[in-house]
1. Using only the Cα atoms of chain B, what are the Rg and Dmax in Å?
2. Output the Cα-based Rg and Dmax of region B:240-292 in Å, rounding Rg to one decimal and Dmax to a whole number.
3. R0 = 45 Å: FRET efficiency of B:TYR147 with B:LEU296, Cβ-based, nearest 0.05?
4. Name the long-range amide H neighbours of B:VAL233: under 5 Å, sequence gap of 5 or more, or other chain; modelled H, no Pro or chain starts.
5. Here is the link list: B:LYS184/B:LYS298; A:LYS43/B:LYS393; B:LYS56/B:LYS99; B:LYS298/B:LYS323. Which ones come out longer than 21 Å on Cα distance?
6. Between B:ASP215 and B:ARG77, 0.36 nm times their residue separation minus their Cα-Cα distance comes to what?
7. Label points 7 Å out from Cα along the Cβ direction at B:ARG46 and B:THR156: separation in nm?
8. Please build a GNM for chain B, connecting alpha carbons under 10 Å apart, and tell me which residue among B:LEU186, B:LEU344, B:LEU248 fluctuates the most.
Amino acid sequence: MATKVRIPASLRTLTGGKDEVTAAGDTVGALIEDLEKNHPGIKDRLVDEKGVRRFVNLYVGEEDVRFLDGLGTPLKAGDEISIVPAIAGG
Amino acid sequence: MSGLSGVKTPGKWPVARTPLEIRYNGCNGGTMATTYTDLIAGVRKRTKEVTLDEVKRRLEAKEPYVLLDVREKDEFRAGYIPGAISLPRGFLEIQVEQKLPDKNVKIVAYCAGGTRSALAAATLAELGYTNVETANPGFVRWKDLGYPQEKPPELTDAQRDRYSRHILLPEVGEVGQSKLLQSKVLLIGAGGLGSPAALYLAAAGVGTLGLVDADVVDASNLQRQILHATSRVGAFKVDSAEKTLRDLNPDVKVIGYKERLLSDNVDRLFGDYDVIVDGTDNFPTRYLVNDASVFLGKPVVHGSIFRFDGQVTTFLPESAAKKFGVASGPCYRCLYPEPPPPHLAPSCQEAGVLGILPGIIGVVQATEAIKLLLGQGEPLIGRLLTYDSLKMKFRELRLRKDPGCPVCGKNPTITSYIDYEGFCAIG
């Protein structure tokens, strides 16, 4: 199952400049493993040993996975993932 | 033949007719001649009257009624029934559908004595309003009885003119404009986001604008920081901003603070400001602004930008919910519990930023601030609006309050300011 993933500006160096990529996986964790295969280095920017990094939010649709099941959050057909990192510019 | 049809040329009043006779197309079918006395008697028969005691009872019970004051503006300004909307009878037909779009809304019209409001009620019924009553007698008696009244804020003629487009909006009006003039907004940063936010807040007549920024204007700022000018490169940003804002609107008191927001000055700087607009450019200040917001009970309108992307939301802590009459939401730490390590968080200075981007985000921030001050609309509380300028897409993501949040959670572990530079240097 291919899921659309929106890549923020700060991570596009890892996706060859693409702002949207697709990845496969039944859960958010599995999807990140698949992302890593095609875009090495991205996993480290999203997760650490404790789970989703605390300065990045992963949304399935409008919902933050931290308030769902974290990396275990199941994905279904049609879901879209948004990666929303903390930014500070003003 | 009678009435106006007989008044074709001046000086040719028909003999033995009173000038008050008019031709009236009544609701009883066909055209008939009538006098003012007949007219008003007919109107009174068709309209439902309420007593002033009943109006007062409903007011005290906070029943959902629209009180419509149909007197002239100068009468209204001398005092009105609390909560009333002013719509002089001369503008009734023209403006009522804008001000009261719901034709089934419950309306009580009143005037000074009860006559103009009865006529207004009849007109409203003809326009399709189904729930109109008229108070009888009117405001003169209301005042004599010593019932509560309000006076509209004292706006000068120049202010009525300057803010006329606001005053026309029922959601703002003279009361809302006066609220804005009495409001105080503190902008953290007079840069990319602070520039458009401050300009619009000043134009809108927010009475006091505080600006916190220790920097001086650099030529590289001018690509986006529209408060400043080429002639003021090298000047303190707050001084440059003050010049622009005073010229735009002399009603606004601009207070510049040439200092960096820090743990030891944040309580003083937040002071008695109503709303904080966070347009700073670094993580330590953002976490400090957040913690101070929770500790001091101030809403923060948060905006941040990076390259082509922007984020904007409103953080309203529990401690500020009552003052603003809206439900509280999550804080910045609920959204991002920790900052990124410095090597993963390049600044705009390092990574670049589209000059127009802060224009969009800063203006959304100003809009949020104005809405909070007016108590209108739905703020971005618990919603993160993201903006992608390249794709020209706005998206909305749900933000949730983290019960385990160290600052605003159930058992907070951070209850005073911490070392923010140290907190943000870990990586």
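Values in this text are rule-based calculations from the coordinates and carry no lab data. In this text, all values refer to a predicted model and were calculated from it rather than measured experimentally. We place every Cβ from the backbone using ideal geometry, glycine too, and count neighbours over all the protein chains shown.
1. 28.0, 98
2. Over region B:240-292's Cα set, Rg and Dmax evaluate to 12.8, 34 Å.
3. 0.70
4. Those lying under 5 Å, H to H, from B:VAL233: there are none.
5. A:LYS43/B:LYS393; B:LYS56/B:LYS99
6. Contour length minus Cα-Cα distance gives 45.1 nm.
7. Each label point lies 7 Å from its Cα, and together they span 4.7 nm.
8. So, out of B:LEU186, B:LEU344, B:LEU248, the one fluctuating most is B:LEU344.
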